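Undergrad: One structure is given below, represented as structure tokens, and several questions about it will come after.
The values are calculated or read from the model by the stated rules, or taken from the named source; none is laboratory data. Being a predicted model, the structure only gives us computed values, none of them experimental. Cβ atoms come from the backbone with ideal geometry, glycine included; neighbour counts cover every protein chain shown.
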Amino acid sequence: MKKNAVATLVALVCVLMVASCEYKPKVVEISGSDGFATFTQKVGDRELLGVQNASGSPLTEACFANVEFESGYFVCSYPDGEGYNLLDEQGKNVFPDLGRMRYCSFSTNVTDSLGHFVVGNENECYWFFPMMSKKVVGPRGGMRLYPLEQVILYEQDGKMGLLSYDNKEVSPLGTQLVLASRQVTKVVKDGKKTVRQNVEVPVVYVGEKGSDDWQKFNRLTGEAMGAVDNTDIDLINKSSETMMDYVYAVRPKNSRK
């Protein structure tokens, strides 16, 4: 009888030890989100993260090393530097065709707070604007934002071009670009009368280094605007004060930053 009692006691101790060693998941609210949280799960010898909503329902499996919340989206990184995913609040991949992305980060512009995600792989870079109708610009390389001019500069084959926020080409490639606004006289109807009005039109001048042969385009529509005149030459000459890597921007003094 004593042997049976000892055996039972030993078995009970073993059960308690196993129970005490069982993994206990952790749930941590994600900073900046509306009740979303990460939950942990042991996968092999690693503790990985998944995402759940405010009701506790999982949106993803536990497969991430880190999860951050930015402007309504989750930036999720995989362990061992195996890439990123950008997920919406339903747990859906914003860029499913890219698979695991090599990089994914959130960037803000100090001029007008146009926050955007920069995502992509080796040869594909996209900008995603969550607060601007979820617009996607790209894929392009070497993109830079010019928020006052409402365009995005990109580099290709040693030259530069411009994209609108709608991902539309607004100029051909060139080695020199000048961004400016100039007055253009337009004929409009005012009732039964026809009158002339001076309006400000955003333009981009495209040229090549060492050449004075410039082309002129509407910076918002990409429409060709005819031959360059003396007013255009004056704007191009003024642009020498604002050079940046052969990109120039002629701005009023109170808005130049």
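Undergrad: If F117 meets every condition in (1) crowded, with 20+ Cβ neighbours inside 10 Å; (2) among the hydrophobic types (A, V, I, L, M, F, W, C); (3) more than 13 Å from the chain's Cα centre (by Cα) apart from one, which number is that one?
TA: (3)
Undergrad: Hey, does the range 79-91 have a residue that's among the aromatic types (F, W, Y) and in contact (Cβ under 8 Å) with a residue 40 or more places away in the chain?
TA: Checked the range 79-91: no residue is among the aromatic types (F, W, Y) and in contact (Cβ under 8 Å) with a residue 40 or more places away in the chain.
Undergrad: Another question, if that's okay. May I ask you to say which residue of K189, K193, K257 is closer than 28 Å to M132 by Cβ, charged (D, E, K, R) and modelled with pLDDT under 85?
TA: Values: K189 fails: closer than 28 Å to M132 by Cβ; K193 fails: closer than 28 Å to M132 by Cβ.
Selected residue: K257, the only one of K189, K193, K257 that is closer than 28 Å to M132 by Cβ, charged (D, E, K, R) and modelled with pLDDT under 85.
Undergrad: Please enumerate the residues belonging to the range 76-100 that are surrounded by 13 or more Cβ atoms within 10 Å (Cβ to Cβ) and over 26 Å from S57 (Cα atoms).
TA: L98
Undergrad: Now, a different point. Could you tell me which of the residues V178, V201, V136 is in contact with a Leu (Cβ under 8 Å, 6 or more places away or on another chain) and surrounded by 12 or more Cβ atoms within 10 Å (Cβ to Cβ)?
TA: It is V178.
Undergrad: Of all residues in the range 204-223, count the ones that are among the small types (G, A, S) and surrounded by fewer than 12 Cβ atoms within 10 Å (Cβ to Cβ). Full working, then the answer.
TA: Let us first name the residues in the range 204-223 that are among the small types (G, A, S), namely 207, 210-211, 222.
Keeping just the survivors that are surrounded by fewer than 12 Cβ atoms within 10 Å (Cβ to Cβ) gives 210-211.
Counting residues in the range 204-223 that are among the small types (G, A, S) and surrounded by fewer than 12 Cβ atoms within 10 Å (Cβ to Cβ) gives 2.
Undergrad: What residue, of E89, E68, is modelled with pLDDT of 95 or more, in a loop (DSSP other than H, G, I, E, B) and under 26 Å from Y126 (Cα atoms)? Spell out the reasoning first.
TA: Values: E68 fails: in a loop (DSSP other than H, G, I, E, B).
So the residue among E89, E68 that is modelled with pLDDT of 95 or more, in a loop (DSSP other than H, G, I, E, B) and under 26 Å from Y126 (Cα atoms) is E89.
Undergrad: What about V187, is it free of Cβ contacts under 8 Å to residues at least 12 places away in the same chain and more than 29 Å from S211 (Cβ to Cβ)?
TA: yes
Undergrad: Could you please let me know if Y146 is within 20 Å of E70 (Cβ to Cβ), not basic (K, R) and not assigned by TED's automatic domain parsing to the domain that holds G222? Please lay out each step first, then the result.
TA: Working: within 20 Å of E70 (Cβ to Cβ): no; not basic (K, R): yes; not assigned by TED's automatic domain parsing to the domain that holds G222: yes.
Here the answer is no, as Y146 does not meet what is asked.
Undergrad: Go through the range 151-167 and give me each residue that's among the charged types (D, E, K, R), farther than 18 Å from L114 by Cα and not in a strand (DSSP E or B).
TA: The one that is among the charged types (D, E, K, R), farther than 18 Å from L114 by Cα and not in a strand (DSSP E or B): D157.
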